[in-house]
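Report on the structure given below.
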Amino acid sequence: MIAVMRGLRRRLFASPGDALITLAMLGLIAAVAPPLLRWLLLDAQWSGPAAACRAASGACWAFVGEKYRLILFGRYPAAEQWRPLLAMLLLVGMLAVSCDRRTWRRSLLLVWAATAASVWLLMHGGVAGLAEVDDTQWGGLPLTLILAVTGIAAAFPPAVLLALARRSALALPHALAVAFIELVRGVPLISMLFLASFMVPLFLPRGVQMDELLRALVAITLFSAAYLAEAIRGGLQAVPRGQADAADALGLRPWQRLALVVLPQALRTVIPPMVNIFIGLFKDTSLVAIVGLMDLLLAAKQALADPAWRSYALEAYLFIGAIYFAFCFAMSRYSRYLERHLHQGGPA
Amino acid sequence: MTPAMSGGRGIGPRLLATQALVFAAVAAVALWLGANLFDNLAARSIHTGFGFLWQRAGFGIGEHLIAFDSRNSYGRALLVGLVNTLAVAGAGILLSTLLGLVIGLARLSGNALAAPAAAGYVEAIRGVPLLLQLFVWYAVFTDLLPPAPAPLRLLPGIWLSKAGLNFPVPVFAGGVWFDIPTRTRFGFSGGATLSPEFTALLLGLVCYNAAFIAEIVRSGIQSVGRGQRDAAEALGLRRVAVLRLVVLPQALRVALPPLGSQYVNLAKNSSLAVAIGYPDLMSVADTTLNQTGQAIEVIGLTMLAYLAISLAISAAVNWCNARVTRQGAA
């Protein structure tokens, strides 16, 4: 008992300042927690029509029950919504499998390619008796996941090229790489999205169209490539000179030295920063809502456009906030796990 | 491929060939894109050039720190937007640093209530997109706050309502006194108002960036060796003095570069104002673009402006960094 009291005193009342902070926190909790719990859980309306929600004083979770399909899947035809669900499960499954370090070998790329193909086939349809669903109807969480995963995957080759170009002794590739990276890192993603949205049609040959989704993907890919390039450049710098020398001594050609010796070690070193870039990108996909793509955030706003359910914005935002948080929290935990364990094994 | 990696032979013919190839490829792509561009511009009868900047804007801007009305030019409209961006970015940097410092210190404090609360705040804020948080803040301002005739009184003279934040402003006429907002039947007269858009944007940006700054502060303080703190306490300094005189100056060395990039992020994130209706540079550029159709010029100017802001902030932080690291490292 005395030990408990002493422990409490040490952790909460160690000094007059500490005691003040503790009292302030207790006051804050007492003021905020009961009304918050009442609104969130106790007085909340869990099902029923909009009228029941208006009558209740708590949160209207019936809104989520009514609108969750619109929020999660956008305007995808209701009868076919098992397809984006399956596509999402495949994508998340592939990410989960890739997290295990035992799978980090060349054949993983084949798995990624196969998953990408199946996801696209499932979403788009047109084969194997699946109805064709144009990508203007894709929306919600599947769209967010597709934008994030495709964005970072497509950004990889340009990022490696940019990193190599920036480290190059040749003047032109170096200058171009520096100019591109510094320009893209100095401007907001929203301006890149506007750039892609308004200007890509001007740069394509007359008559060639690129749909909204592809344009947003171009912007996201270019944006991620610049940040990834900086991370990969850090990794390349971290590979000891001796590795390149040893590769030369073995008679490897320069591109073999790069592909077989330098790059694998560089990429392994920078996996934690790359996971952090992916987390940032996942959150940044919400910006496509501003250019009109029906991602998770815009789908929630559309659900709120219904006049009967218009005043339940907080419930909608809490719902999708929880979804975003679940993904980002899992990824950041994984990033921390990686940082701890990748250093233990040492190089190779 | 540095000269060193080519075995000390210098830039040989193979590398020169590579450079020529890169040049040819880039030139080919640029020419093709340029040809398409001119073709499309001609087809849509869009004239290039910056002449539109002197044309009459024809739209009003809700909040402007410099004088503006619809008779002014597009150029002046963009300038108004730029000033608005600088205002919200400057206020955001200041306030988020303060809040981030408090939360970072709370996280390190060891107080069993404050530390987990700070940790929870950082995790929650960093796991949710900024745009969503801005929408939540804006919803608070437009749905949850009381209307202007019945505002919330935060402090004497400071009122919070759907019309924004009304507060007293010092007036220098003769002596110094305050122009306090007084309630009228429909709103307020006197004092200054921060619009709901500005306040929501500012609060959203501050809360979001404070979480990142708290982590930077935490890693900075944790990088200062335990021995420094022990020595300071052995000299008889109290906890606050130890922090102020010994820990924070050294923590600043480690924290300044990531802090600088976080400030640049804040300035860039302020462009999300376009989503909640605050007339910053991006919003005004969007309106101008839609009205004039001069996509290339407007987007080019906007990107240049943001690039200039980013470079200016980086340069300022680098200058501070140089001053802080002038005396030898640990």
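The values are calculated or read from the model by the stated rules, or taken from the named source; none is laboratory data. Computed from a predicted model, the values in this text were never measured in an experiment. Ideal geometry is used to build each Cβ from the backbone, glycine not excepted, and the neighbour counts take in all protein chains shown. SASA here: full protein model, heavy atoms, side chains in, ligands and nucleic acids out. Shrake-Rupley method; radii C 1.70, N 1.55, O 1.52, S 1.80 Å.
Things worth noting here:
- Per-residue mean of foreign Cβ neighbours for A:200-206 is 6 (Cβ atoms of other chains, 10 Å radius).
- Inter-chain Cβ neighbour average for residues B:31-38, partner chain, 10 Å: 3
- Over segment B:90-230: Rg over Rh, Cα atoms, Kirkwood Rh: 1.10
- Rounded if a/c under 1.5, otherwise prolate or oblate - segment A:187-321, Cα gyration tensor axes: oblate
- Comparing each chain alone with all protein chains together (probe 1.4 Å, DNA, RNA and ligands left out), the residues of segment B:286-313 losing at least 20 Å² of accessible area are B:ASP286, B:LEU289, B:ALA295, B:ILE296, B:ILE299, B:MET303, B:TYR306, B:LEU307.
- Just the protein heavy atoms count here, and of the accessible area of segment B:81-214 at 1.4 Å, carbon and sulfur take up 73 percent.
- Across segment A:1-92, C-alpha contacts under 8 Å between residues 6 or more apart give a mean separation that, scaled by the residue count, equals a relative contact order of 15 percent.
- Residue mean of other protein chain beta carbons inside 10 Å, A:135-143: 0
- Here segment A:46-148 is assigned +1 on the Cβ of each Lys and Arg and -1 on the Cβ of each Asp and Glu. Its dipole about the Cα centre then comes out at about 400 debye.
- The accessible area of A:MET5, taken with all protein chains in place and a 1.4 Å probe, comes to roughly 110 Å².
- What segment B:98-161 shows is 42 Å² of accessible area per residue, with the surface traced by a 1.4 Å probe over protein heavy atoms.
- Sequence-distant aspartates and glutamates (8 or more away, or on other chains) whose Cα lies within less than 13 Å of A:LYS301: A:GLU315
- Contact order relative to length of segment B:231-324, as percent, for alpha carbon pairs under 8 angstrom and 6 or more apart: 33
- Size of the A/B contact, given as accessible area buried on both chains, probe 1.4 Å, in Å²: 5200
- Relative contact order of chain A, pairs being alpha-carbon contacts under 8 Å that are 6 or more residues apart, as %: 18
- Under 10 Å, Cβ to Cβ, from B:PHE198 - net charge with Lys/Arg +1 and Asp/Glu -1: -3
- At least 50 Å² accessible surface lost relative to isolated chain, residues of segment A:11-26 (1.4 Å probe): A:ARG11, A:MET25
- Within the straight-line cut-off of under 18 Å between alpha carbons, the aspartates and glutamates reachable from B:LYS268 are A:GLU182, A:ASP284, B:GLU197, B:ASP280, B:ASP286, sequence neighbours fewer than 8 places apart in one chain being disregarded.
- Calculated over segment B:195-330: convex hull of Cα atoms, volume per residue (Å³): 115
- For segment A:32-135, dividing the convex hull volume of the Cα atoms by the residue count gives 154 Å³ per residue.
- Modelled label reach - A:ALA131, point 7 Å along Cα→Cβ, segment A:72-93 residues with backbone N closer than 14 Å: A:75-84
- The protein assembly as shown: Cys lacking any partner C-beta under 4.7 angstrom: A:CYS99, A:CYS328, B:CYS207, B:CYS320
- Heavy atoms of A:VAL4: accessible area, 1.4 Å probe, square angstrom to 10: 90
- Hydrodynamic radius of chain B by the Kirkwood approach over all distinct alpha-carbon pairs: 24.1 Å.
- With a 1.4 Å probe rolled over the protein heavy atoms of all chains, the accessible area of B:SER45, B:SER73 falls in the order B:SER45, B:SER73, largest first.
- Whole-percent carbon and sulfur share, accessible surface of segment B:253-325, 1.4 Å: 63
- Trypsin sites (Lys or Arg not before Pro) restricted to segment B:264-330 and DSSP loop, no more than 11 other C-beta within 10 Å: B:ARG326
- For the set A:TRP120, B:TRP137, A:TRP46, solvent exposure ranked by accessible area (probe 1.4 Å, protein chains only) runs largest to smallest as A:TRP46, A:TRP120, B:TRP137.
- Most mobile listed residue (A:ARG38, A:ARG167, A:ARG206) in chain A, GNM with C-alpha springs under 10 Å: A:ARG206
- Carbon/sulfur fraction of accessible area - chain A, other protein chains in place, 1.4 Å, %: 68
- Cα-based Rg and Dmax for the protein assembly as shown, where Dmax is the largest Cα-Cα distance (Å): 27.6, 86
- Cα centroid separation, segment B:201-227 to segment A:57-130 (Å): 35
- Largest-first principal axis extents, alpha carbons of chain A, Å: 76, 69, 37
- Heavy-atom SASA rank of A:TRP309, A:TRP39 (probe 1.4 Å, accessible area, largest first): A:TRP39, A:TRP309
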